[in-house]
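Just so it is clear, none of the values below were taken in a lab; they were calculated from the coordinates. Computed from a predicted model, the values in this text were never measured in an experiment. Every residue, glycine as well, gets a Cβ built from its backbone with ideal geometry; the counts of neighbours run over all protein chains shown.
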């Protein structure tokens with residue numbers, strides 16, 4: 001069965017993209033705040049409470065709370081948890097590999113972004129886990145840089161996959177690319193069609209016109225990508241117990257290039273370093 005069916009990407013107007021940038025910046029600033037707060041001895045529930053207060057104080061609504069059956073502001077995934085970890089009384093420890101996924105809605109428009117970090121800094125944990133996070137982050141930006149007018153979703157998935165495969169060869173590590181979960185469209189809802197795979201797929205994929213808005217989010221494992229959902233019906237973990245990393249940005253395609261709506265600088269530094277066009281509307 002196709003991942004896409006007859007799905008097409010509905011392009012946004014420049015004014016709609018500017019509205020999405022407001023939501024994206026609020027998410028970016030929330031994650032910036034959480035980077036400083038995620039330390040040993042803190043619970044994931046505490047991070048969740050800080051994030052909710054920050055988003056609401058900034059004029060937004062935590063859009064994860066708009067997902068039926070989910071009542072939290074963040075997903076906090078630790079160690080072998082790939083995505084959708086539920087904040088709670090878990091106390092973070094030095095060296096934990098922590099992924100934080102965060103979203104906000106402002107005046108009907110959405111932003112969604114995720115980061116992975118080592119609690120206490122990269123030197124505090126397993127070097128292989130810190131490298132896994134960096135490989136995943138690099139693949140995210142490779143996928144963003146491949147996003148182009150007149151292209152299609154295989155450009156993005158191929159960019160992500162090629163980056164991971166190249167780092168795997170360089171590192172002598174067989175990184176797993178999670179296939180069961182993908183990126184997605186974003187706009188007036190956090191999750192919209194189409195799916196955005198982090199790998200090449202057979203057959204035709206939806207084209208990416210100017211005005212496209214996508215959440216690109218590679219999820220990569222240190223071992224096999226096989227996974228399952230825990231009894232809480234949310235948390236996705238690796239079958240082999242190996243760690244996973246997750247990075248995400250919401251990205252718009254403008255006449256001038258890419259505009260990373262959930263990056264504080266709009267993606268300018270990373271895109272420029274890759275020779276990719278930076279196309280802000282602000």
Collect the residues in the stretch 230-243 that are farther than 21 Å from residue 73 by Cβ and part of a strand (DSSP E or B), keeping them in residue-number order.
237, 238
Any residue in the stretch 43-64 that is closer than 29 Å to residue 179 by Cα, part of a loop (DSSP other than H, G, I, E, B) and over 18 Å from the mean Cα position of the chain (by Cα)?
no
Looking at 88, 111 in this structure, which one is touching a helix residue (DSSP H, G or I) at 6+ places or on another chain (Cβ under 7 Å), within 24 Å of residue 63 (Cα to Cα), touching a residue at least 24 places away in the same chain (Cβ under 8 Å) and outside any strand (DSSP E or B)?
88
Pairs only if they're at least six apart or on different chains, beta carbon under 7 angstrom, first in the stretch 193-210 and on the phi > 0 side of the Ramachandran plot, second in a loop (DSSP other than H, G, I, E, B); list them, first residue then second.
203/2
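To keep it simple, each residue is scored yes or no on (1) surrounded by 13 or more Cβ atoms within 10 Å (Cβ to Cβ); (2) without any contact (Cβ under 8 Å) to a residue 24 or more places away in the chain.
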| site | (1), (2) |
| --- | --- |
| 26 | yes, no |
| 29 | yes, no |
| 32 | no, no |
| 36 | no, yes |
| 47 | yes, no |
| 50 | yes, yes |
| 55 | yes, no |
Only one of (1) surrounded by fewer than 23 Cβ atoms within 10 Å (Cβ to Cβ); (2) on the phi > 0 side of the Ramachandran plot is not met by residue 267, so which one is it?
(1)
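Name the single residue, out of those in the stretch 179-210 being out of contact with any strand residue (DSSP E or B) (no Cβ under 7 Å at 6 or more places or on another chain) and surrounded by fewer than 19 Cβ atoms within 10 Å (Cβ to Cβ), that is farthest from residue 224 (Cα to Cα).
Going through the stretch 179-210, the residues out of contact with any strand residue (DSSP E or B) (no Cβ under 7 Å at 6 or more places or on another chain) turn out to be 179, 197, 200-204, 209.
Then keep just the ones that are surrounded by fewer than 19 Cβ atoms within 10 Å (Cβ to Cβ); that gives 179, 200-204, 209.
Working: 179: 11, 200: 18, 201: 19, 202: 22, 203: 25, 204: 27, 209: 34 Å.
Of everything passing the filter in the stretch 179-210, 209 is farthest from residue 224 (Cα to Cα).
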Qualifying position, being over 20 Å from the mean Cα position of the chain (by Cα) and buried (at least 17 other Cβ atoms within 10 Å of the Cβ), among 95, 120:
95
